[in-house]
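Novice: This structure is in structure tokens; I'll ask about it shortly.
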Amino acid sequence: MKTAIVIGAGIGGLAIALRLKKQDYHVIVIEKNDYAGGKLHAIDQDGYRFDLGPSLFTLPHLIDDLLQLFPEHENLFSYRSKQIACHYFWEDGTVFKASTDSQEFVRTAAAIFNENEKTLYSYLQKSKKKYNLTKSLFLEKSLHKASTYLSMDTVKALINTPFLGISNTLDQENRVFKNPKLTQLFNRYATYNGSSPYQTPGIMSMIPHLELGLGTYYPHGGMHSISQSLFEMGEKVGIEFRFRESVTHINHLDNQVTGITTDRATYEADLVVSNMDIYPTYRNLMKDIKAPEKTLQQERSSSALIFYWGIDRVFSELDLHNILFSEDYHTEFEHIFEHKTLSKDPTVYINITSKESQEDAPAGHENWFVMINAPGDYGQDWKQIVQEAKKDIIKKIEKCLGVNISNHIKTEYILTPQGIEANTSSYRGALYGAASNDKFAAFLRHPNFNKQVKNLYHVGGSVHPGGGIPLCLLSVQITADLISKANS
Ligand code: FAD
């Protein structure tokens with residue numbers, strides 16, 4: 001039996017481990033932390049449960065597909081769909097509950113924002129069309145194999161290039177709306193891959209389809225149950241997990257991978273898949289290989305500053321996902337991407353899983369995950385930034401919800417970009433690997449195979465096709481296909 005080593009037990013590592021097990025490899029996963037899940041981790045504090053990383057769950061079938069690889073083993077993973085994608089708030093008192101039913105979305109948005117229903121409907125249709133045209137090229141195949149460019153889907157996507165809006169920014173694309181609040185609402189989707197709407201290409205207007213067309217879901221037990229279910233399945237099917245062990249080198253001979261060395265031992269392997277961020281993979285584990293500098297020097301995606309607050313009351317006006325918008329969105333992104341700091345008026349995202357699972361907070365309380373988009377770690381004074389940001393967030397909540405939330409915070413845990421990097425080795429604490437601010441970003445992402453070392457592959461949010469749970473899982477599907485083809 002051939003041996004495969006997976007470096008890292010993030011969602012990408014867990015998923016590729018299962019797919020390789022299905023291909024009959026003896027699979028060993030080496031993880032530096034004492035838990036599986038990477039960014040998809042959770043903590044309990046003072047009676048509140050907090051998911052530390054992702055909060056939005058889309059394309060759940062990608063998880064089902066993995067668990068169903070082994071139908072002989074029971075899995076209890078389940079989820080429900082959300083009727084409301086998000087509650088949006090502005091300081092002038094405007095509130096919008098975005099439905100995942102497109103007719104309802106169009107009807108309510110037209111009424112609240114005084115927008116033409118036709119404009120809204122055609123925007124959503126265009127989003128769907130762009131998504132369907134591009135997914136097979138940009139998301140489901142390797143961009144680095146000639147065969148990708150020979151398929152009908154590719155040809156179709158390229159023919160429709162002007163329609164895709166690659167030469168516009170997302171903000172320009174979203175100026176079809178009369179009401180700037182709607183433009184802002186749709187600009188927000190740039191943050192789903194850690195980019196700026198004022199720089200990322202208009203093709204990103206396909207992202208709303210993912211949420212509003214294909215739906216958003218809540219996994220029972222919270223987001224952490226996603227990584228837990230994959231890990232538990234991994235244990236059931238005999239994947240070997242080694243925690244608290246750091247990989248220090250990827251070993252190779254004559255351009256062929258031979259195994260890895262960790263801080264404890266050296267392991268031989270026929271195949272190695274790195275789920276680690278591509279930047280430290282080259283800089284720390286492959287110093288003897290010429291690094292693809294253009295790829296590594298790509299601008300990183302935004303990071304985040306998150307306050308996890310136990311709140312001693314219930315807010316009926318809030319739902320699972322809530323956004324309190326900045327009055328000056330452009331300045332907010334200018335601060336993040338150009339000045340590498342935070343604006344005084346950030347957009348505040350509040351995620352409350354106790355709305356879905358009451359056991360996540362004591363009775364009459366809520367567990368708030370309060371996040372603002374932030375620049376990566378470039379050596380800023382995070383202690384000072386955290387203090388200032390907390391004041392600005394509290395101000396924003398007061399302006400939008402009319403409550404001084406500081407009187408209701410019973411417990412607090414804070415995660416900064418530095419903390420995200422320390423936990424997961426994500427370079428600069430980026431949430432999604434490289435940013436998509438450049439229209440060629442997709443082509444500059446690292447491929448899922450290594451061009452210099454045979455039988456070395458790469459999965460996860462910092463390589464093709466990009467960050468976020470669904471894209472990490474697609475990187476795994478592409479990689480598993482490449483490995484299977486190489487073996488056949
Ligand atoms: P990671 O989760 O980073 O896993 C990499 C693993 O490798 C880690 O466990 C790390 O410890 C391990 N490792 C690193 N170096 C070594 C080494 N030398 N030896 C051994 N092990 C090593 N996505 C969404 O889809 N929806 C969201 O709502 C969303 N929100 C987010 C909010 C936050 C705050 C964050 C941080 C991320 C969010 N994301 C979201 C992005 C999503 O979490 C990531 O894209 C995804 O989880 C990345 O998974 P991964 O497997 O690529 O990497």
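None of the figures in this text is laboratory data; all of them are computed from the coordinates on show. If you're wondering where the values come from, they're calculated on a predicted model, not measured in any experiment. Cβ: placed from backbone, ideal geometry, glycine included. Neighbour counts: every protein chain shown.
Novice: What's the FRET efficiency of Val237 with Asp101 using the Cβ-Cβ distance as r and R₀ = 30 Å, to the nearest 0.05? Numbers along the way, then the final one.
Specialist: Numbers: r = 38 Å, r/R0 = 1.28.
In this case the efficiency is close to 0.20.
Novice: Going Cα to Cα from Lys410, which lysines come in below 17 Å? Please leave out same-chain ones fewer than 8 positions away.
Specialist: Lys390, Lys391
Novice: Could you give the length gained by full extension between Glu359 and Ile84, i.e. 0.36 nm per residue of separation minus their alpha carbon distance, to one decimal place?
Specialist: Values: separation 275, 0.36 × 275 = 99.00 nm, distance 2.13 nm.
Fully extending the segment from Glu359 to Ile84 adds 96.9 nm.
Novice: A 21 angstrom limit on the alpha carbon distance is what I want to check against. Which of Lys178/Lys439; Lys130/Lys181; Lys118/Lys181 exceed it?
Specialist: Working: Lys178/Lys439 26 Å; Lys130/Lys181 23 Å; Lys118/Lys181 17 Å.
Cα-Cα > 21 Å for Lys178/Lys439; Lys130/Lys181; rest within.
Novice: Using 0.36 nm times the number of residues separating Val314 and Thr108, minus their current alpha carbon distance, what extension gain do you get? Before the final figure, lay out each step's value.
Specialist: Numbers: separation 206, 0.36 × 206 = 74.16 nm, distance 2.56 nm.
Additional length available on full extension: 71.6 nm.
Novice: Below 13 Å, Cα to Cα, which aspartates and glutamates can Lys355 reach? Residues fewer than 8 away in the same chain don't count.
Specialist: Result set, ordered by chain and number: Glu317, Asp319, Glu366.
Novice: Given Cα pairs under 8 Å that are at least 6 residues apart, what percent is the relative contact order of the chain?
Specialist: On the way: 1021 pairs, mean separation 109.6, N = 488.
Answer for the chain is 22 percent.
Novice: What is the list of residues in the stretch 364-379 whose amide nitrogen lies under 17 Å from a point 7 angstrom out from the Cα of Lys395, following Cα to Cβ?
Specialist: Answer for this model: 372-373.
Novice: If one takes the longest principal axis of the Cα atoms in the chain, at what angle in degrees, from 0 to 90 and to the nearest 10, does the Cα axis of helix 469-487 lie?
Specialist: So the inclination is approximately 20 degrees.
Novice: Would you please name the trypsin sites (Lys or Arg not before Pro) within the stretch 240-316 that are DSSP coil residues with at most 14 other C-beta atoms within 10 Å of their C-beta? Please list the in-between numbers first.
Specialist: Working: sites: Arg242, Arg244, Arg264, Arg283, Lys287, Lys290, Lys294, Arg300, Arg313; in loops: Arg244, Arg264, Lys287, Lys290, Arg313.
Counting only loop positions with at most 14 other Cβ atoms within 10 Å, the trypsin sites (Lys or Arg not before Pro) in the stretch 240-316 are Arg244, Arg264, Lys287, Lys290, Arg313.
Novice: Pulled fully out, how much extra length does the chain show between Asn404 and Lys129, if you take 0.36 nm times their separation in residues and subtract their Cα-Cα distance?
Specialist: On the way: separation 275, 0.36 × 275 = 99.00 nm, distance 4.36 nm.
Extra length available between Asn404 and Lys129 comes to 94.6 nm.
Novice: Roughly what angle does helix 224-236 make with the longest principal axis of the chain, taking Cα atoms, 0 to 90 degrees, to the nearest 10?
Specialist: 20 degrees
Novice: Note the angle between two axes, namely the Cα long axis of helix 102-113 and the longest principal axis of the Cα atoms of the chain, as a number of degrees from 0 to 90, rounded to the nearest 10.
Specialist: 40 degrees
Novice: Something else: Given R₀ = 30 Å, FRET efficiency for Lys344-Arg175 by Cβ-Cβ distance, to 0.05? Before the final figure, lay out the partial values.
Specialist: On the way: r = 25 Å, r/R0 = 0.85.
After rounding to 0.05, the efficiency reads 0.75.
Novice: Shifting gears a bit: Counting only helical runs of four or more DSSP H residues, what would the 222 nm mean residue ellipticity of the chain come to if each run contributes -39,500 (n - 2.57) and the total is spread over all its residues? Each step should come with its number before you reach the end.
Specialist: Working: 15 runs with 147 residues, N = 488.
Calculated mean residue ellipticity at 222 nm is -9000 deg cm²/dmol.
Novice: Taking K and R as +1 and D and E as -1, what net charge do the other residues with C-beta under 13 Å from the C-beta of Leu69 add up to?
Specialist: Working: positive: Arg19, Lys21, Lys22, Lys236; negative: Asp24, Asp64, Asp65, Glu72.
Net charge around Leu69: 0.
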